[in-house]
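Asker: Would you mind keeping the following structure in view while I ask a few things?
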Amino acid sequence: MSHLKSVAVMLPLFTLTMLFAPGCSDGPRTDEQVDVVYRCSETGEYVSAPPQPVPAVNPDTGRATLQRALYCSRCQHWYVVPPPNVHNGPVAGYLCPKHKLAMQEQGPLPE
């Protein structure tokens, strides 16, 4: 009977582990490169490009003029964020200056 109790306890734990185990999410796969959004300091345009140290190289001009930008879904605006050497934390820590909500790395690019 104790074996049955062990199975009854372990089965829910195993199920939870399988549901929340790494690699089981619907997010982007870690081996796939996801572009990030930058704002060009020369043109003011927003560019989607592979992650790189800032100032990043603009693929259109070949010059290092790109600064990271994050998107506020509430005001639907992209904001330039400081480089990592100024902000010692993840980009998820940036708040919208207007709404004080966490900004996102993905969103619609301005036309």
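The values are calculated or read from the model by the stated rules, or taken from the named source; none is laboratory data. The shown structure was predicted, so the numbers you read here are calculated from the model rather than taken from an experiment.
Asker: Do we have any residue at all in the stretch 49-65 that's of a type in the set (Ser, Thr, Tyr), in a strand (DSSP E or B) and within 24 Å of Lys98 (Cα to Cα)? Break it down into steps so the answer makes sense when it comes.
Answerer: Step one: filter the stretch 49-65 for residues of a type in the set (Ser, Thr, Tyr), giving 61, 65.
Narrowing further to those that are in a strand (DSSP E or B): 65.
Imposing the further condition that a residue be within 24 Å of Lys98 (Cα to Cα) reduces the set to none.
No: zero hits.
Asker: Quickly run through the stretch 66-89 and pick out the residues that are outside any loop (DSSP other than H, G, I, E, B) and aliphatic (A, V, I, L, M). So that I can check it myself, show each step before the final result.
Answerer: Residues of the stretch 66-89 outside any loop (DSSP other than H, G, I, E, B): 66-72, 77-80.
Those that are outside any loop (DSSP other than H, G, I, E, B) and aliphatic (A, V, I, L, M): Leu66, Ala69, Leu70, Val80.
Asker: Another question about this same structure. Can you tell me which residue within the stretch 90-111, out of those that are outside any loop (DSSP other than H, G, I, E, B) and of a type in the set (Gly, Ala, Ser), is modelled with the lowest pLDDT? Let's see the steps before the verdict.
Answerer: Step one: list which residues in the stretch 90-111 are outside any loop (DSSP other than H, G, I, E, B), which gives 91-93, 95, 102, 104.
Checking which are of a type in the set (Gly, Ala, Ser) leaves us with 92-93, 102.
Working: Ala92: 64, Gly93: 75, Ala102: 91.
For the stretch 90-111, the residue satisfying everything is Ala92.
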